[in-house]
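Working notes, structure below.
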Amino acid sequence: MPARRRRITIAHAHFVEMVCLQDRDSLLPMQPGDAMTQRRRISAVLLLSLAAWVLGDAATTRGETAEGTHHATSNALPAALGESVPGAIITIHGEISDVTTESLRRRIKMARDEGARVIVFELDTPGGMVSSALDICAMIKNLTDIKTVAWVNTDAYSAGSMISMACDEIVMSSSSVIGDCGVILGGPTGPQEVPEALRAKAESPVIEQFQDSAARNGYDPLLCESLVVKEIVVYWVENTKTGERRFIDEAEKEKLFGEDTEGFQADDEEQSGPNEWKLIKSYVDPVSKRKIDFSQPIVKDTQLLTMSQSRATAFGFCKAIVSTPQELAARYNIAGEWAHFDFSWSENLTGWLTSMPVRIFLLVIILLGAYVEFHTPGVGVPGLVALIALGIFVGAPYLTGLANVWEIVIILIGFLLLALEIFVIPGFGIAGISGIMCVIVGLLATFMPDEPGRTFPIYWPQLEPGVKGLESGVVVLASGAAAGVVAMIIFSRVLPHIPWLQSAIPLNPTRVDTGPSTDPYHGYARVGDIGTVVSTLRPAGKARFGDELVDVVTLGDYIEPPADVRVVERAGNRVVVAKYQSSGQEA
């Protein structure tokens, strides 16, 4: 038995006991004049007993109802009860990725630890990865003990609109936009229609997320679906008798109005459909307070629903126009100042490292480091710098969710094939070409997000994010390679003239340095000539033949200076050498 009912029942029992004790003498034989008094007292006791029971049941019902309401709306606005509560603002800016998801997880925990009862997600985003947005929506909807508010300031496109509607409430700044969460097919020839087989996989999770948000927060399901599916046509109608307003599709419009709707105007009460419905033609702008006229349908079959703050308010998505944190605090009765939780420096650094200019710079560093390393003895600083740059080039997109393990594996396989071609297999053939292709494919894949329905790791992108990622990858690799080649040429001509850097790239002697030469090849070693290694051959490097330095290559061996080498093959400018022993035998 609930405590309230138990207390009232006990009080009722005490009351009856008190009355009975007071009237215990009346249980004795009554005098003729006391009969009426006795009956009145007994009737009073019975009435009071009934009243006590009814009150107890009502109190119990109120308690159960209140308790159930609290459980069902545990994330209801505390300010509705006149209670000042702590609040937090969490920013969601830029493109949405797995970095955004993990960052929000961290910041939501921090806000909860600070005791926030209201969390405002400030959105200014063009959208991003669908998988990341779905994870964020699930995270927000599971915050049942916290009031969640989406503050669109200033744009919430695509994934941003999905996250906004996952919150308990949406507010927007005085100049803002929300909507357009459709799947776009991109390709070399431009935007195309999404194939039906791929479209179902791409749109279904997004539509289901919007429908769930509509059911939770009272949004119109048809409007929510029109954010994703462009073929949906939506009309806004009003009942001329009851004032009810509804959003209907093409089929329901024909039922209400027939095929001809040209005569039905919102401002003419006498013109309406057969069921007393009319098309709405205007609404009041919540910012300017002026009437805004618009045409029907409000969503055409060639567009996705995209709303300014005025339209979002009129259509029931936006609950208020709020432009400053102070206005937010007043609306949600926030105690004290807002607690702000932004991206951490490491999260900002990760986003910066995946930007196009930085990745071009990293690629140039990789190429330069490898170039200088092949011209210096031993494993030195240039090689280490190149490896670090490669790790950042691949690791940063891995943290953002763009790169997967398989892409890193393909890159490593490519470098392994190149190493085999350089150090083991003579000449340059299938292994070298395959290695270059693997490296290029793996690096390009780090720019592209996964697409729904793809089971094989290597694919040609079909959706807009993948196409844009591929375009960015091509631009970065082409720009980085071109800049790297230019930098190599500059380094080869400048570094040898810097005294303390001559060991990195030795200066080839000129004819003035060596004097007149009787060698018919003018400095090129001939087969059988013996020279001395001056920079480690790995397998390429330099060896001195007489007074001249010559670029040479081994058959895969590492040869440290000052070992002697003998020319075993010569084809044009390519001079192949082998280690030469004093006994006259090549090692």
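The values are calculated or read from the model by the stated rules, or taken from the named source; none is laboratory data. Remember, it's a predicted structure, so these values are computed and weren't measured experimentally. Note: ideal-geometry Cβ built from the backbone for every residue, glycine included; neighbour counts use all protein chains shown.
Could you tell me whether any residue of segment 440-450 is surrounded by 14 or more Cβ atoms within 10 Å (Cβ to Cβ) and modelled with pLDDT under 80? Don't jump to the end; show me each part of the working.
Initial filter on segment 440-450 (surrounded by 14 or more Cβ atoms within 10 Å (Cβ to Cβ)): 440-450.
Now drop any that are not modelled with pLDDT under 80, which leaves 449-450.
Yes: segment 440-450 contains one or more residues that are surrounded by 14 or more Cβ atoms within 10 Å (Cβ to Cβ) and modelled with pLDDT under 80.
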*Within segment 343-363, how many residues are at pLDDT 90 or above and either aliphatic (A, V, I, L, M) or in a loop (DSSP other than H, G, I, E, B) (or both)?*
4
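Specify the residue that is modelled with the lowest pLDDT; the eligible residues are those in segment 364-419 that are aliphatic (A, V, I, L, M), part of a helix (DSSP H, G or I) and closer than 21 Å to G466 by Cβ.
Restricting attention to segment 364-419, the residues satisfying the condition of being aliphatic (A, V, I, L, M) are 364-368, 370, 372, 379, 381, 384-390, 392, 394, 396, 399, 402-403, 405, 408-413, 416-419.
Next, from what is left, pick out any that are part of a helix (DSSP H, G or I): 364-368, 370, 372, 381, 384-390, 392, 394, 396, 399, 405, 408-413, 416-419.
From what's left, closer than 21 Å to G466 by Cβ: 394, 396, 399, 405, 408-411.
On the way: V394: 88, A396: 84, L399: 73, V405: 84, I408: 86, V409: 89, I410: 91, I411: 90.
It comes out as L399.
Conditions tested, residue by residue: (1) closer than 17 Å to R359 by Cβ; (2) modelled with pLDDT of 70 or more; (3) out of contact with any helix residue (DSSP H, G or I) (no Cβ under 8 Å at 6 or more places or on another chain); (4) crowded, with 17+ Cβ neighbours inside 10 Å.
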site: G469; (1), (2), (3), (4): yes, yes, yes, yes
site: L477; (1), (2), (3), (4): yes, yes, no, yes
site: F491; (1), (2), (3), (4): no, yes, no, yes
site: P506; (1), (2), (3), (4): no, no, no, yes
_Failed criterion for V287 (all others in (1) more than 30 Å from I321 (Cβ to Cβ); (2) modelled with pLDDT under 85 hold)_ = (1)
*Being under 19 Å from L227 (Cα atoms), in contact (Cβ under 8 Å) with a residue 24 or more places away in the chain and either part of a helix (DSSP H, G or I) or of a type in the set (K, R) (or both), is that true of even one residue in segment 150-160?*
yes
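Going by the conditions given, is A312 assigned to a strand (DSSP E or B) and outside the structural domain of E252 (by TED's automatic domain parsing)? Please lay out each step first, then the result.
Details: assigned to a strand (DSSP E or B): no; outside the structural domain of E252 (by TED's automatic domain parsing): yes.
When the stated conditions are applied, A312 does not pass them.
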*Which of the residues spanning segment 552-565 are over 50 Å from the mean Cα position of the chain (by Cα) and surrounded by fewer than 21 Cβ atoms within 10 Å (Cβ to Cβ)?*
E560, P561, P562, A563, D564
